[in-house]
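> Take a look at the following structure, please.
The values are calculated or read from the model by the stated rules, or taken from the named source; none is laboratory data. Note that the structure is a prediction, hence the values are computed from the model and not measured. In this analysis, Cβ positions are derived from the backbone assuming ideal geometry, glycine residues included, and neighbour counts consider all displayed protein chains. With ligands, DNA and RNA removed, areas are computed over all heavy atoms of the protein, side chains included. Shrake-Rupley method; radii C 1.70, N 1.55, O 1.52, S 1.80 Å.
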Amino acid sequence: MESCPAEARRTESRRMEACRTGGRPAESRPSEAARGSAVARRAPAREAPGRWIWLAAWPVTAVFVLSNAATPLYALWQRDIGFSKGTLTLIFACYIVGLIGSLLVSGVLSDRLGRKPVLLPALTLALAACAIFATASSVAALMAARLFTGIAVGAAVSAGMAAVTDVAGPARKRRAALLASCAMVFGAGLGPFLAGVLSEALPAPTVTVFVVEAALLLTALVTVVRMPVRRPAGPTRGSWVRVPAVPRGNGVQLALGIAVFAPGITATSFVLSLGPSLLAALLGTTSRTVAGGMAFAMFLTATGVQFAVQALPRRTVLTAGAVNTALSMAALATAVHTSSAPLLIASALLAGAGQGLGQLGGLSLLNSAVPPQRLAEANAALNVGGYVLAGVLPVSAGYLSDAVGLTRGATLFAAALMTLAVIGGLVVLAHRDRVAA
């Protein structure tokens, strides 16, 4: 009969244990690791210091410096290697192929694996492009370098811009959109200007330019390694390689962004591709510094106008972008018919404003509506919509100009793009209730 006292002691022990654990048996209590995990999930992410929003935008700038750095140097390569304007068009096309191909992959990869696993290989590829450019002695080398550049740029506009938003946090989304957009256009303008100045001021221009750019990319690489960005809780369903899209219900925001951003970036692409030819025709100059300076002024305008309108409603920003692009094309058509260099420069500045406003409005719309785990893919979708038009229309204008003359070709291009810009503005006005303030 000694089992009764033993049973009583065990019952009393369980009662005292239940008192200490709030009535739950010990085996049902969560482990220390589980409790720590639950607390970590409930704890809000610590907001990164403000300087990191600026630093997170630097890799985007560094990659976009490379994107247009080769533009003033093609005349030197044509002289040294020997290739036609048609071949030059193919070299440019390699960039678009790499860019579009990268956008089909990098956005989804970034949302699933994180920003760093996409940005670090992209920056490494950009460094490889610099090495190929600096030692290029054949058309094949130039094509490979442009292909690598396009891939790196695709990663920058998807994962890089999303990283800026991630670092900024939910309370600073609009500021993040501003800095990410400005990083892109400022880098795009700084590249040809820097290349133009260095190529005329220093020896071995096709080497020096890319040594400097490689140094910029190395600082961007260090920035990404130290960037305080977490891996997003991305979706695991669907193909890893697909046309970028936005979540159901965000299609209108994407369409409105593309409606204004695509004509804007097409206008600046035209200035980059045929601007030097127009300058040579109107001013009689082949200076790489002058051509690079016009591109830099265009993208500096794109940067400055975004800071100027950051407090305005998104619908106003998008509408203003469409208006500026339309005015740019009107100035371009007038410039080529009147042989007016000031009007050509005005056209370039208005084109910069049109791209900057369209890009800022589009990114702001996506940042406000798309969840973080799909944001990189959404950024990729916006840029696919913009770059497809920017790749097709200026190249078509170049071939058309060869067939019917530069004046008529530029005029037809201006008329077509002005029409698209006006349509984009009207679409925004028709859906102003869907464009958040």
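> With θ set to phi - 60°, apply the Karplus curve 6.51 cos²θ - 1.76 cosθ + 1.60 along segment 114-131 and write out the HN-Hα couplings as whole Hz, x wherever there is a Gly or Pro.
Each residue of segment 114-131 in turn: x, 6, 4, x, 9, 6, 5, x, 5, 5, 5, 5, 5, 5, 5, 4, 4, 5 Hz.
> Also, I was wondering about something else. Which sequence of H337, H431 reflects their accessible areas, 1.4 Å probe, from the largest down? Display every interim value, and only then the final one.
On the way: H337 120, H431 75 Å².
Solvent-accessible surface, decreasing: H337, H431.
> Quickly rank 68-79, 288-299 as a protection proxy: mean count of other C-beta atoms within 10 Å, highest first.
My ranking of the peptides, most packed first, is 288-299, 68-79.
> Whenever you get a sec, compute what percent of the accessible area on segment 145-296 sits on carbon and sulfur atoms (1.4 Å probe).
Carbon and sulfur together cover 67 percent of it.
> Something else about it: Quick one: Karplus J couplings for segment 291-300, per residue in order, coefficients 6.51, -1.76, 1.60, θ = phi - 60°, nearest Hz, x for Gly and Pro?
With coefficients 6.51, -1.76 and 1.60, one gets 5, x, x, 5, 5, 5, 4, 4, 7, 5 Hz.
> So, by mean Cβ neighbours within 10 angstrom, what's the order for 269-279, 182-192, 197-207, 364-374 with the highest one leading?
182-192, 269-279, 364-374, 197-207
> Ok, one more. Pulled fully out, how much extra length does the chain show between A141 and R231, if you take 0.36 nm times their separation in residues and subtract their Cα-Cα distance?
Taking A141 through R231 to full extension adds about 28.8 nm, to one decimal.
> Over segment 63-199, give the accessible area per residue in Å² for a 1.4 Å probe, as an integer.
It amounts to 29 Å² per residue over segment 63-199.
> Also, I was wondering about something else. Taking all protein chains in place and a 1.4 Å probe, what share, in percent, of the accessible surface of segment 317-378 do carbon and sulfur account for?
71
> Continuing with the same structure: Largest first, what is the accessible-area ranking of I345, I81 with a 1.4 Å probe?
Numbers: I345 75, I81 50 Å².
Greatest to least solvent exposure: I345, I81.
> For H431, enumerate residues with amide H under 5 Å from its amide H, sequence gap 5+ or separate chain, H modeled in the peptide plane.
none
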